[in-house]
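Here's the structure, in structure tokens; my notes come after.
The values are calculated or read from the model by the stated rules, or taken from the named source; none is laboratory data. Everything numeric in this text was worked out from a predicted model, so none of it was measured. Cβ coordinates were reconstructed from backbone atoms using ideal geometry, including for glycine residues, and neighbour counts include every protein chain displayed.
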Amino acid sequence: MDATLLINDGQHRRKGIEHALLRNPRLRDETITVTIFFDQGLERSQQMFADINGKQVKPSSAINALYDRRNPFNAWVLSVIGMVPEIGPRIDVENSSVPAKSYKLWSLVAFKKFLSLLTGLTEKNIADVDAERLHAIDDFLLKFFETCARLSRDGRRW
């Protein structure tokens with residue numbers, strides 16, 4: 001590893017990683033993907049920069065919510081979905097809104113908003129909620145969804 005390395009793209013990300021490590025040393029155990037290319041000159045480097053940055057596709061907010069387990073609110077929403085197995089198949093986790101003709105009832109984004117409105121929990125305040133209160137909210141949600149399922153089976157309108 002005595003080669004000279006030049007960071008063509010990602011200088012700001014590199015600096016951000018340094019700051020994140022200073023604030024939270026536990027991140028040292030995390031990994032990040034790095035792609036290394038043979039230097040073929042300035043013109044080629046500029047083209048690669050344009051290719052990388054000009055054609056990026058941002059993942060949907062649903063996909064971000066599904067995969068970002070460090071976010072305590074996302075992790076909690078996924079645990080709620082796991083508590084009520086009948087709901088999981090009815091939530092579209094790939095799209096930010098449910099496509100027409102889909103049998104899905106909610107997008108993951110809409111379900112997150114629904115849970116937030118129903119419980120008062122948000123991405124900003126969930127870290128401040130103690131385990132006992134969170135358990136009580138989970139119990140409430142179980143009863144809520146059980147009641148919804150029962151009313152639906154009985155053919156009652158709400």
Quiz item: Within the group PHE73, PHE49, which residue is in contact with a Ser or Thr (Cβ under 8 Å, 6 or more places away or on another chain), in a helix (DSSP H, G or I) and either among the basic types (Lys, Arg) or surrounded by 10 or more Cβ atoms within 10 Å (Cβ to Cβ) (or both)?
Solution: PHE73
Quiz prompt | Residue in region 20-31 that is surrounded by 10 or more Cβ atoms within 10 Å (Cβ to Cβ), in contact with a Gly (Cβ under 8 Å, 6 or more places away or on another chain) and without any contact (Cβ under 8 Å) to a residue 60 or more places away in the chain present | solution = no
Exercise. Collect the residues in region 116-158 that are part of a loop (DSSP other than H, G, I, E, B) and either in contact with a strand residue (DSSP E or B) (Cβ under 7 Å, 6 or more places away or on another chain) or in contact (Cβ under 8 Å) with a residue 12 or more places away in the chain (or both), keeping them in residue-number order.
Key: LEU121, THR122, GLU123
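Per-residue answers, yes or no, for (1) outside the structural domain of ALA149 (by TED's automatic domain parsing); (2) among the charged types (D, E, K, R):
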| site | (1), (2) |
| --- | --- |
| ILE17 | yes, no |
| TYR67 | no, no |
| LYS104 | no, yes |
| LYS112 | no, yes |
Practice problem: Output the number of residues of region 53-95 satisfying the condition of being of a type in the set (Asp, Glu) and within 10 Å of the chain's Cα centre (by Cα). | Solution: 1
